[in-house]
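In what follows, a structure is listed as C-alpha cells, so that the remarks can point back to it.
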Amino acid sequence: MNTNLLKYNTKYPSVADLKRKAKKRIPKFAFDYLEGGCNDELNVWRNKEDLKQVLLMPQYLRKHNGVDMRTELFGHIYDAPFGISPIGLQGLMWPNSPEILAKAALNHNIPFVLSTVSTSSIERIAEITESKFWFQLYHPTQEKMLNDILYRLEAIRCQVLVVLIDVPSFGLRYREIKAGLSMPPKNTILNFVQAAQHPTWSIETLKAGIPSFATLKPYMQKNMNMKQLGKFMDATFTGRVDVEKLRAIRHKWKGKLVVKGVVSEQDAELCANIGVDGIIISNHGGRQIDAGESTIKSLQRLSDNFKSKYKIMIDSGLRSGPDIGRALACGADFTFMGRPFMYGVAALGRQGGEHTIAMFKAQLHQTMEQLCCEKTNDFCTTLITD
C-alpha cells in the first residue's frame, strides 16, 4: 500500500472512532444538530443498514497491476471518487469547519461543496480553494437574491452549481426542537450549561465569533435577533423548486449544473429533459423525510436507466471505504459524505479534515486491493441480498 495513504491519526481509524470522540468534545446540542434526523430517524438508520446488504464480489485470479483511485468528473480528474457534502451551520459543530474542510479538500484534490446556509461565505471559500469548489443552492423566494448569488458564483468562477430540491419545508427534527435549534432558534439555559461543560469548544467558538449564515449576510438586516432571523429564513427559503424554476436556472447558469435530492424516476427524467450535467441521489441524510427509501435503493433503481444521460452521484449513509465501493458497484459515478467529515473536525479540530480524507483513501485503497480492482469503475460484480 502507498504509505502516503496511512498518514492519519491511527487512534481514530474509523468513522465510529471519530464519532465517539466528537460526541465527547462538543456540546450535546451541537452533536444532536449534526446527528439528528427527521421524526423517528428511521431513514438515517435505513441509509446505513441497506448499504450493508450490498456484498462486493472479489476476482482473485484476475491480473492486477495496482490501484488507481483517480476519477474523472466534469472534466476534472480527482484523486479519489468521493467528496465532502454540504452541511448547514458547520461552524456550530466546530469553529471554522468549512475553511478546515475546504482546505483539506484542495490539498487532497477532492470536491468540497459549500452550502448556502453554511457559516463561511462564497468568497472566503473561493479564496481558500482557488475557486475549486462546488456550491449548493437553497433556492430563495426572491429572484433578485437568486440572481445576485449566481452573479457572485460566476465572479469567483465556481466550478459546479448544485441545486437542492428536497427541502420544500423545514424538516421536523425532534432533537433540534428540544435543543431550541428550530426556526426561530432559541437560547436556553441548558445550552449554556452544555457549552460551559466543553471549554475548548467554547473558547474556540469565542475566538472565531458566533456562527452565522455568512453567504446570506448581504441580504439580512444588521443585528437581527433570533425572532427576526427565524422570520427571515422562513420567508426566504419556503419556496419549492419545481421544474420551471430549475429550467430557469439552467438557462441562467452556463457552468456545470447538478441537482441534489433526486430519488424518483419522474424527477430523474425531468432533469434529463432540462439538460442537467448530473444528479446527486440523496435524501438529505434522513433529515427531511422518515418514510422514504434509502439512497442505495434509489441508486439501484435509477442507475441503469439514467447513467447514459448524465453523471449519477450519491450521498446519505456512506461511512467507510467499503461503502464507497458498494455505491460505485451499484452504478454511482461518484460519492459524497457529510457527517463523517464533521465528526472528524469536531474530534480533531484543524487536523480533522486531513485525517478523515486520508482515512477514507486508505480504506478504499485496501478494499480495491482486496477485490483486485485497479480502477474505481471495476466494482462491477455484486451480490445484493434481499
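All of the numbers you see were taken from the coordinates with simple rules; none came from a lab. Keep in mind that what you see is a predicted model, and the values were worked out from it rather than measured. With ideal geometry, Cβ positions are generated from the backbone for all residues, glycine too; neighbour counts draw on all protein chains shown.
Cross-linked pairs Lys245/Lys375; Lys11/Lys307; Lys28/Lys231; Lys52/Lys311: Cα-Cα separations exceed 31 Å for Lys245/Lys375; Lys11/Lys307.
Label-to-label distance for Ala208 and Gln370 is 3.4 nm, based on points extended 7 Å past Cα in the beta-carbon direction. By DSSP, the beta bridges lying fully in the chain are antiparallel in about 20 percent of cases. Just report the Cα centroid separation between region 264-321 and region 141-204, whole Å. If you average the Cα positions of each part, the centres end up 23 Å apart.
Please report the net charge: other residues with Cβ closer than 12 Å to the Cβ of Lys254, K and R +1, D and E -1. Combined, the nearby Lys, Arg, Asp and Glu give +2. Sequence-distant contacts, meaning Cα pairs under 8 Å at least 6 residues apart, place the relative contact order of region 3-384 at 30 percent. The residues packed around Thr129, meaning those with a beta-carbon under 12 Å from its beta-carbon, carry a net charge of 0 if Lys and Arg are +1 and Asp and Glu are -1.
In terms of the Cα gyration tensor, with a ≥ b ≥ c the square roots of its eigenvalues, is region 267-386 rounded because a/c is under 1.5, prolate because a/b exceeds b/c, or oblate? Oblate, since a/c reaches 1.5 and b/c is not below a/b. Just so you know, the averaged projected area of the alpha carbon convex hull for region 203-267 sits at 7.5 nm². In this simple spin-label model, placing a label point 7 Å from the Cα along the Cα-to-Cβ direction at both Gln142 and Val243 gives a separation of 3.0 nm.
When the charge dipole of the chain is built from unit charges on Cβ atoms (+1 for Lys and Arg, -1 for Asp and Glu) and taken about the Cα centre, the candidate among Val276, Met226, Phe336 whose Cα reaches farthest toward its positive end is Met226.
The loop-placed GluC sites (Glu not before Pro) in region 115-193, going by DSSP, that have at most 13 neighbouring Cβ atoms within 10 Å of their Cβ come out as Glu130.
Charging the Cβ of each Asp and Glu at -1 and of each Lys and Arg at +1, and nothing else, the dipole of the chain about its Cα centre rounds to 960 debye.
Toward the positive end of the charge dipole of the chain, with +1 on the Cβ of Lys and Arg and -1 on the Cβ of Asp and Glu, the farthest Cα among Ala102, Gln351, Gln370 is that of Gln351. For Val163, the residues whose modelled amide H falls within less than 5 Å of its own, excluding neighbours fewer than 5 places apart on the same chain, are Leu137, Val258, Val259, Lys260. The ranking of Ile280, Ile110 from fewest to most other beta carbons within 10 Å of each one's beta carbon is Ile110, Ile280. In terms of packing, defined here as the mean over residues of other Cβ atoms within 10 angstrom, the peptides 265-275, 369-379 line up highest first as 369-379, 265-275. Taking Cβ atoms as reference points and 15 Å as the exclusive limit, the residues near Ser169 contribute a net charge of -2, counting Lys and Arg as +1 and Asp and Glu as -1. If you take the Cα atoms of the chain, find Rg, then find the Kirkwood Rh from the mean of 1/r over all pairs, what is Rg/Rh? With Rg and the Kirkwood Rh in hand, the quotient comes to 0.95. Evaluated at q = 0.15, 0.20 Å⁻¹, a Debye calculation over the C-alpha positions of region 303-367 (equal weights, vacuum) places log10 I(q)/I(0) at -0.51, -0.79.
Sorted largest first, the spans of the alpha carbon positions of region 194-305 along the three principal axes are 52, 32, 26 Å. Of the residues Met359, Met145, the one with the fewest other Cβ atoms within 10 Å heads the list, and the complete ranking is Met145, Met359.
Computed from phi, the 3J(HN,Hα) profile of region 321-333 under the Karplus parametrisation 6.51, -1.76, 1.60 (θ = phi - 60°) reads x, x, 5, 4, x, 4, 5, 4, 5, 8, x, 6, 7 Hz, with x in place of Gly and Pro.
The amide H of Trp134, built 1.01 Å from its N in the peptide plane, has Phe112, Val113, Leu114 as neighbours under 5 Å, considering only residues 5 or more places off or on other chains. Here Ala155 and Tyr60 are evaluated by their C-beta separation; at R0 = 45 Å the FRET efficiency comes out at 0.30.
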